[in-house]
Amino acid sequence: MEAAVATHEHGADHAHADAHTHEHVHHTSFIRHYIFSTDHKTIAKQFFGSALFFLLVGGAFALLIRWQLAYPGEPIPVIGKWLPDSLVSNGAIQPGFYTQLVTMHATIMIFFVIIPIAAGSFANFCIPLMIGTDDMAMPYVNMISFWLVPVAALTVLAGFFVDGGTAGGGWTNYPPLSATGTGHTLWVVAIFMVGFSSILGGMNYVATVLNKRAKGMRMFDLPLTVWALFITAVLQVLGTPVLAADASLLFLDQVFHSSIFLPENLLISTGNLHSGGGQPILWQHLFWFYSHPAVYIMIVPIMGVVSDVLATFSRKPIYGYKAMVFALMAIAFLGFIVWGHHMFISGMSPLLGTTFMLSTIVIAVPSSIKVFNWLGTVWRGNIYFTTPMLNALGFIGTFTIGGISGIFMAVGPIDVYITDTYFIVAHIHYVLFGGSLFGIFAGIYYWYPKMFGKMYNETLGKWHFVLTFITFNLCFFPMHMLGVGGHMRRIHDPYIYDFLKPFQPMNEFITIFAILLGFSQLLLIANILWCLKYGKVAPRNPWKANTLEWAAPAHPGHGNFDRDIIVYRGPYEYSSPESKKDYLPQWIKPATKTSEKEHEAIAHEG
Amino acid sequence: MFDFSWNMLSYFPSSVSTYSDAHDSLFTIVYYLGVGIFLLVNSILLYFVWHYRHKPGATSYHYHGNNIVEFTWTLLPTILFAGLGLYSDEMWKVMKYPSRVPTPDVEIDVVGQTYAWSARYPGSDGILGNRGAKYRSNTNLFGIDPSDPHGKDDIVLTGEFNLPINKNVVVHLSSVDVLHSYFLPNFRIKQDAVPGAWIDVWFNGTKAGKYELACAELCGGGHYGMRGVVNMQSESDFNKWIDAKNAVRKQVLAAEAAQPKAPEPAPAATTAEDAGHTEHH
Ligand code: HEM
Ligand SMILES: [Cu+2]
Ligand SMILES: [Cu+2]
């Protein structure tokens, strides 16, 4: 199968046409190994590396935004004088550039950081290893799924160099504003590409989980990380085509003047705009039909990761494993019928508002179930405060705040007031930074030994967590207050409003902690890079965990496992009376005298 | 360093309408509910994490959970949250359902245009003239039908608008270009202005004063500067103000009528698909 696909690919590729006959040269070539690799672990590292890079880019944009809100009109330190006059005047951010920064920050963080790490890197790394198989069901599709991401990122960033600048309509890109300008067209094309990356990835994960589980592994033997990634994959496959359709329709309006989103006789002078007969709100329905499930694409995998980390370091089974699985399914299902809560002020029928308000409030139930079960998991545990565990615990605390602010916004009349204010910005960051990103940190530290064969530095890791946790909360919590005060989001200079003038000191405070938060992330980067080279060599199962990835060699090569894997039990048999140790891995044969010895050896092998 | 209060409720701008008072009470309920959930979850978490931290020789409890517990903590939040939803629905209806918009005492049109708000008052006949998108142009933002006599005396203002307190004010809202959002922080009201649609917003002011009107939907580089002012006046002050405006408008009309064939503002370019439908008021 693999060979057949390879032939096919290279048949079309002239540069490689002659290498084709030397199959063996091929498999060791640098390009196949590190660039156009089909190995799921390499692809996971590629997603990881590109996401970390874009995390820094997106973070830099955020600091520019924060600078402007704290010190409007003052030149940007250091880089201000290097930027062209189309973006800055006397080194200070211009209004148009500000809206582009807001748009690019969110676009990058959502489409090029969180989704690629959660549904790209973790999915690729964890699924095959945790279900005990050699690779994804469709390795070539997998490779394409990665390569679409950097191409899309370059496309959207190329917008900075076109006439009129890059997209500046917000990451939600509502027409008619987004119906003109080359930057918006590039945005739409890029989103179409990442959308396809997501669809291809999702198909692959579904196929892999359904077909390639190790012998003896039932669906209810899957670790919650795999369940979560599987359910996410279903969301990706069902939701993303709608985004692709929406992007295509907007592309038609932009390029072929089809007027799908444009009503009659708009007074818009820029661009060659034809308008008549269209509906701007249609864009929002299609966009949020995808983008609400998309927020779950960004959090559901992380809920799985956090569950596994909590169980491992509490040395305790997950409380209510099946309830956790059903709650994930409920979140995924309900996720498709709540999109209208982003549109309470859009002008859609108020009757729909009532429906969406009730469905949204109901979606807080499965989220609460998850939080309660996490509490149940640490209850009567034997808790080790490793860096992944600290991040997982931090996740629960901050995610709870994000869930609670969600309830405010689910209540229609309240949302009408706080929508499009900093309250939303606070919510987004409590769920996506406080939630997803802390969970991502937990996962990065947790699997670092398996991914790179080295141990990270625990002290540095703990400093990273502590500094991030403190600066994160000091940066984002006051944004709730700004929102209640009516402070709009996406505004270049709040202080032209009298009622916002008193908020300048608070904005300054937020900016100081945003800068500290940004620089704290250098500890993560340093830890990752330094330990690649100087870290201690990792043992096979450093956390004494139960799931199958820890049965693989410390730094698994192509094919992953060096022995046959058979699954005998669920993933959370910690502190089981069946075993003298406080863990009982999935691959250990139920005790008979000889097998116990043999498998203990595997479990504890260095 | 600056005035900081942990009480989020203290940050609201002053409340100046019947609706904003009701909104703030609902917000207060949700706020205390939220604070309660937050304290509950996080104090339990901190207690567990501290109490069950690893100690030499400690073991954990091998336990997979309990269905009755799961059922209970599914049911309780469902009841709590569904109750909250049903309770708040009434307020949603009051504000949004067209059937619940009160009979207007004062009725105006408002449109957003990058980057300013404009309003149209009915003029001395008390009736807003017919409008249609096909008549819209930069000199006729509201698309007033030139053939409708009720439209002749309508008054169009940009930036600052006077309105009476203790009256039901109904605003018919739209946009002439991109999306904007009509945001009155002191009234706790926000509604997108959507080109191609007229959406009703209503309020009943309780306190006289000048309040800021903001645009809350990103509409381009100048979005941040799309500021307006709503000047809420007592009924008598408002009547004086509107009478003066009407008098000025009458003079302008009289002057135009005196001139031989005053040039009509040219209707916006019409194309085949534009022609045909007029929006009736
Ligand atoms: C208890 C669960 C949650 C509820 C009830 C909830 C509710 C809401 C509501 C009603 C909005 C619309 C606010 C507005 O624009 O006016 C919203 C916005 C948002 N939510 Fe949540 N949410 C929840 C959890 C999450 C999670 C888990 C994530 C992501 C990981 C998330 C990410 C977002 C984002 C990104 C937006 C803002 C989109 C934008 O306008 O830019 N939410 N949420
Ligand atoms: Cu949503
Ligand atoms: Cu605006």
Using a 1.4 angstrom probe on protein heavy atoms only, which residues from segment A:294-338 are buried by at least 50 Å² of accessible area when all chains are present rather than their own chain alone? A:P317, A:Y319
Partners for B:K190 among lysines (Cα-Cα distance below 20 Å; same-chain residues under 8 apart left out): B:K93, B:K96, B:K167, B:K207, B:K210
If a/c stays under 1.5 just call it rounded; otherwise compare a/b with b/c (prolate if a/b is bigger, oblate if not). Do that for segment A:361-445, with a ≥ b ≥ c from the square roots of the Cα gyration tensor eigenvalues. oblate
Within the protein assembly as shown, the percent of DSSP beta bridges that are antiparallel, given to the nearest 5, stands at 70 percent
Counting other chain Cβ atoms within 10 Å of each Cβ in A:403-409 and taking the mean gives 4
Starting from the Cα of A:D163, step 7 Å toward the Cβ, then list every residue of segment A:253-284 with an amide N under 17 Å from that point. A:254-257, A:269-274
Measuring from centroid to centroid over Cα atoms, what is the spacing of segment B:147-221 and segment A:62-94 in Å? 33 Å
Tell me, what % of the accessible area of the protein assembly as shown is carbon and sulfur with a 1.4 angstrom probe? 66 percent
For chain A, the longest principal axis of the Cα atoms and the Cα long axis of helix A:504-534 enclose an angle in degrees, to the nearest 10, of 30 degrees
1/(1 + (r/R0)^6) with r = Cβ-Cβ of A:D564 and A:W530, R0 = 41 Å, i.e. FRET efficiency to nearest 0.05, evaluates to 0.65
Quick check on packing: order B:65-71, A:458-464 by the mean number of other C-beta atoms within 10 Å, highest mean leading. A:458-464, B:65-71
Cross-link pairs A:K215/A:K581; B:K134/B:K250; A:K322/A:K454; A:K322/A:K450; A:K41/A:K462 - those with Cα-Cα distance over 29 Å: A:K322/A:K454
Averaged over A:577-586, how many beta carbons belonging to a partner chain fall within 10 Å of each residue's beta carbon? 1
Helix-only mean residue ellipticity at 222 nm for the protein assembly as shown, each DSSP H run of n ≥ 4 adding -39500 (n - 2.57), per residue, nearest 500: -17500 deg cm²/dmol
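I'd like the mean, over residues of B:27-33, of how many other protein chain beta carbons sit within 10 Å of each residue's own Cβ.
Working: counts 7, 0, 2, 7, 4, 0, 3.
Neighbouring Cβ atoms belonging to other protein chains average 3 per residue here.
How many Å² of accessible surface get buried when A and B come together, counting both sides, probe radius 1.4 Å, rounded to the nearest 100? Please report the intermediate quantities before stating the final value.
Details: alone 24470 and 17380 Å², together 33300 Å².
The buried area between A and B, both sides summed, comes to about 8600 Å².
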Give me the 1.4 Å probe accessible area per residue for segment A:308-444, excluding ligands and nucleic acids, in Å². 19 Å²
Which one of B:L80, B:I108, B:P149 is farthest out on the positive end of the charge dipole of chain B, using unit charges on Cβ (Lys, Arg +1; Asp, Glu -1) and the Cα centre as origin? B:L80
Hey, how much of the P(r) for segment A:84-178 falls beyond 15 Å, as a percent of Cα pairs? 69 percent
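For a protection proxy built on the mean count of beta-carbon atoms within 10 angstrom, sort A:70-76, A:215-221, A:40-46 highest first, please.
Packing proxy ranking, top to bottom: A:40-46, A:70-76, A:215-221.
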Separation of alpha-carbon centers, segment A:442-468 and segment A:297-363, rounded to whole Å: 28 Å
To the nearest 10 degrees, the tilt of helix B:235-258 (Cα long axis) against the first principal axis of the alpha carbons of chain B is 40 degrees
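Treating only the Cβ atoms of Lys and Arg (+1) and Asp and Glu (-1) as charged, compute the dipole magnitude of chain A about its Cα centre; round to the nearest 20 debye.
Numbers: 31 positive and 32 negative charges, 370 e Å.
The dipole magnitude comes to about 1780 debye.
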Using the heavy atoms of the protein chains alone and a 1.4 angstrom probe, what is the accessible area of segment B:106-258 per residue in square angstrom? 33 Å²
Quick one: how many Å² of A:T355 are accessible to a 1.4 Å probe, rounded to 10? 80 Å²
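In terms of the Cα gyration tensor, with a ≥ b ≥ c the square roots of its eigenvalues, is segment B:106-258 rounded because a/c is under 1.5, prolate because a/b exceeds b/c, or oblate? Working shown, then result.
Values: a/c = 1.84, a/b = 1.14, b/c = 1.61.
In terms of gyration-tensor shape, oblate.
The values are calculated or read from the model by the stated rules, or taken from the named source; none is laboratory data. Remember, predicted model here, so these are calculated numbers, not experimental data. Using ideal geometry, Cβ is built from the backbone for each residue, glycine included, and neighbour counts are taken over all protein chains shown. Quick note on the areas: whole protein, heavy atoms, side chains included, nothing else; ligands and nucleic acids left out. Shrake-Rupley method; radii C 1.70, N 1.55, O 1.52, S 1.80 Å.
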